[in-house]
Amino acid sequence: MALDWAVILPAAYFLAVGFLLWLIWPILIGAMFLPTPPEVVEKMLSIADVGAGDVLYDLGSGDGRIIIAAAERGARGVGVEADPIRVLWSRLRARRSPARDRLRVIWGDFFKTSVSEATVVTVYQGESINNRLREKFEAELRPGSRVVSFSFKFEGWEPAEKHPDADVYLYIVQPVKA
Ligand SMILES: C[S@@+](CC[C@H](N)C(=O)[O-])C[C@H]1O[C@@H](n2cnc3c(N)ncnc32)[C@H](O)[C@@H]1O
């Protein structure tokens, strides 16, 4: 059978453009996706002792790996993600999890999403975003809530604990001083 180049060439062109868009899409919308390595996900959940009864919010939830792992430990997992492609992908992944009933992914901006029901919040963002989030957490989270950050600290907050083998920091939200 002869190859029909009039079909193959345009199809290859669209595939190549689609692939490039998939790669640069996060940069175009200003939201870089760097997944947390699986062994670090476990460390983040262990340091905060996440389990049944917890409501964990992952801010910038990417492919959903943190909320899925948290739900599989018995917690309720809520992801907030700005990139619609990651939202779709993480929702598909969540549906395949045995803990699917405890999972939700919100498509939106985490600065505009309330985290007041969270008992644990996880973040893997840069320093300047963390500093903006700190004010949000102080306003919305209840004292005793845990905040776990991978890679970056929160300026002005003292970590309650640092994981011995990873750049994972645990913070406990303090009561507001009178
Ligand atoms: C470094 S990735 C971390 C992904 C995931 N939490 C993980 O640990 O594997 C940061 C994620 O935050 C998302 N993001 C950045 N700014 C955001 C915003 N304002 N609202 C919602 N998501 C945001 C990006 O799209 C990206 O998926």
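Every number in this text was worked out from the coordinates using simple rules, so none of it is lab data. What you see is a predicted model; the values in this text were computed from it and never measured. So basically every Cβ, Gly included, is an ideal-geometry build from the backbone, and we count neighbours across all protein chains shown.
Considering only region 126-146, how many residues are assigned to a loop (DSSP other than H, G, I, E, B) and surrounded by fewer than 16 Cβ atoms within 10 Å (Cβ to Cβ)? Can you show your working first?
Of all residues in region 126-146, those assigned to a loop (DSSP other than H, G, I, E, B) come to 126, 141-145.
Going one step further and asking which of them are surrounded by fewer than 16 Cβ atoms within 10 Å (Cβ to Cβ), we end up with 126, 142-144.
Going through region 126-146 one residue at a time, the tally reaches 4.
Residues in region 123-138 that are more than 13 Å from the ligand (Cβ to nearest atom) and closer than 22 Å to Arg76 by Cβ: Phe137 alone.
Going by the conditions given, is Val120 more than 19 Å from Ser46 (Cβ to Cβ), more than 9 Å from the ligand (Cβ to nearest atom) and surrounded by 14 or more Cβ atoms within 10 Å (Cβ to Cβ)?
Numbers: more than 19 Å from Ser46 (Cβ to Cβ): no; more than 9 Å from the ligand (Cβ to nearest atom): yes; surrounded by 14 or more Cβ atoms within 10 Å (Cβ to Cβ): yes.
When the stated conditions are applied, Val120 does not pass them.
Phe152 passes every criterion in (1) part of a loop (DSSP other than H, G, I, E, B); (2) closer than 23 Å to Pro164 by Cβ; (3) more than 11 Å from the ligand (Cβ to nearest atom); (4) free of Cβ contacts under 8 Å to residues at least 60 places away in the same chain apart from (3).
Restricting attention to region 45-63, the residues that are more than 18 Å from Leu133 (Cα to Cα) and either of a type in the set (D, E, K, R) or near the ligand (Cβ under 8 Å from one of its atoms) (or both) add up to 3.
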